[in-house]
Amino acid sequence: MKEASGDTVFIACNLPGVAQRPFAETFSCRFNDTGRVLAASEVIAGCEGATALVVTATDKLGAEVIAALPDSVRIVATYSVGHEHIDLPAAAARNLVVLHTPDVLSESCADIGMLLMLGAARRALEGLHLVRSGEWTGWQPGQLLGTDIHGKRLGIFGMGRIGRAIAKRARGFDMEIHYHNRRRLDPAEERGAVYHESLEVMLALTDVLCVAAPGGRATRGMINGERLALMPAGAIVTNISRGDIIDDAALVAALRSGQVAAAGLDVFANEPDIHPAYRKLDNVFALPHSGSATSDTRRRMSEFLCAGIREELSGRVASNRLALG
Ligand code: DGY
């Protein structure tokens, strides 16, 4: 049922029905039904008279766009946990409240994190091709030999909510959990995982790397050639967070040389124009940024943003408000 709120919300990103519904039931809404990402000028024009703007990672809200938003806009809500597409200092200068969607997508992303590890280590892409092409001639002891992940050392770069959800799953695979993070977790959160203050020290003992750190300037290019060379030969590299944390040219070289046996990638620099080698290499198990892509999670993300917008409109600080300071 629609709440008697005079506030209009402009949903500039394309949302599936399951994700539009919570907004439609709560606010007076304008949706982007074009099926495409809007140009900045369309986002600005669509905000006319709206109190809140909903965007996602593909909508770049740089300082110029933020400065050009109509005065009516008080809240920007991003339909994502990542927020590097929004210039936060510019939002602060404009006194905007910025909301995002932490927690509600962590478990779904962690499920895909495990799929990336297994898909890469067990050569799922080549296996699928063999079955679907009709080229499979039957079971052979030497066919598509992969790498075990059970019993191996998992190095998690970025032990936030998603990293911890991956660690929880990996314990069930008897993996030994190591992590590098800006801060060490409390022992109760660590649950036996080994903290490494140095990323390099962790990489040197990592059989399977999971990149789960936030994107942005601080982490861009951190997994580069020098750091990949520190890993044991034949390691597995996976990325569930942001593509530009990995230096693509360096990873491709390591995949070609065998220094990295296989990669499982759900995110890429410059999506969807990804490094061309990722489309060709047999040892790359790649997904199209599917981490949070389940109907349940899409609905939860919308509900969380709606609750946050309502909180803010009633003068309270929403739990999913980003600190801009
Ligand atoms: C997120 O929530 O940050 C997803 O990666 C979509 O951008």
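The values are calculated or read from the model by the stated rules, or taken from the named source; none is laboratory data. The structure presented is a predicted model; accordingly, all values stated were derived computationally and were not measured. In this analysis, Cβ positions are derived from the backbone assuming ideal geometry, glycine residues included, and neighbour counts consider all displayed protein chains. The area values use the complete protein model at the heavy-atom level, side chains included, leaving out ligands, DNA and RNA. Shrake-Rupley method; radii C 1.70, N 1.55, O 1.52, S 1.80 Å.
A few points about this structure:
- The local environment of Asp103, defined by Cβ-Cβ distances under 13 Å, has a net charge of +1 under the rule Lys, Arg +1 and Asp, Glu -1.
- Apolar share of the accessible surface for the chain: 52 percent from carbon plus sulfur atoms, 1.4 Å probe.
- Per residue, the accessible area of the range 106-286 comes to 49 Å², computed with a 1.4 Å probe over protein heavy atoms only.
- When the residues Arg191, Arg169 are ordered by accessible surface, computed with a 1.4 Å probe over the protein chains alone, the sequence from largest down reads Arg191, Arg169.
- Positive contributions from Lys and Arg (+1) and negative ones from Asp and Glu (-1), summed over other residues with Cβ under 12 Å from the Cβ of Leu125, come out at +3.
- Highest average first, the peptides 155-161, 87-93 ordered by how many other beta carbon atoms sit within 10 Å of their residues are 155-161, 87-93.
- In summary, the aspartates and glutamates within cross-link reach of Lys168, defined as a Cα separation below 13 angstrom excluding same-chain residues under 8 places away, comprise Glu107, Asp111, Glu176, Glu189, Glu190.
- Each part gets one Cα centre, and for the range 186-218 versus the range 74-88 those centres are 26 Å apart.
- Helix 17-26 axis, angle to the chain major axis (alpha carbon atoms, nearest 10°): 30 degrees
- Per-residue HN-Hα couplings for the range 157-169 [Karplus 6.51, -1.76, 1.60; θ = phi - 60°; Hz; x = Gly/Pro]: 9, x, 9, x, 4, 6, x, 5, 5, 5, 4, 4, 5
- Reducing the range 133-181 and the range 282-310 to their Cα centroids gives an inter-centroid distance of 22 Å.
- Packing rank of 10-20, 112-122, 278-288, 28-38, where each peptide gets the mean count of other beta carbons within 10 Å, highest leading: 112-122, 10-20, 278-288, 28-38
- Using just its DSSP H runs of length 4 or more, each adding -39500 (n - 2.57), the chain gives a mean residue ellipticity at 222 nm of -10000 deg cm²/dmol after division by all residues.
- Principal-axis analysis of the Cα atoms of the chain puts helix 106-121 at an angle of about 30° to the longest axis.
- Cut-off under 5 Å, modelled amide H: who pairs with Thr238 long-range: Leu209, Cys210, Val211, Gly264
- The chain - share of DSSP beta bridges that are antiparallel (%, nearest 5): 0 percent
- Between 0 and 90°, nearest 10: helix 124-133 axis offset from the chain longest Cα axis: 80 degrees
- Vicinal HN-Hα couplings computed from phi for the range 192-201 (Karplus, 6.51 cos²θ - 1.76 cosθ + 1.60; Hz; Gly/Pro x): x, 5, 9, 7, 10, 5, 9, 4, 4, 5
- The range 106-286: C-alpha gyration tensor shape, a/c 1.5 cut-off, then a/b vs b/c: prolate
- Ordering Phe27, Phe304 by accessible surface, largest first, gives Phe304, Phe27; the 1.4 Å probe counts only protein heavy atoms, with every chain in place.
- Take each peptide in 58-66, 238-246, count the other Cβ atoms within 10 Å of every residue, and average; sorted highest first, the result is 238-246, 58-66.
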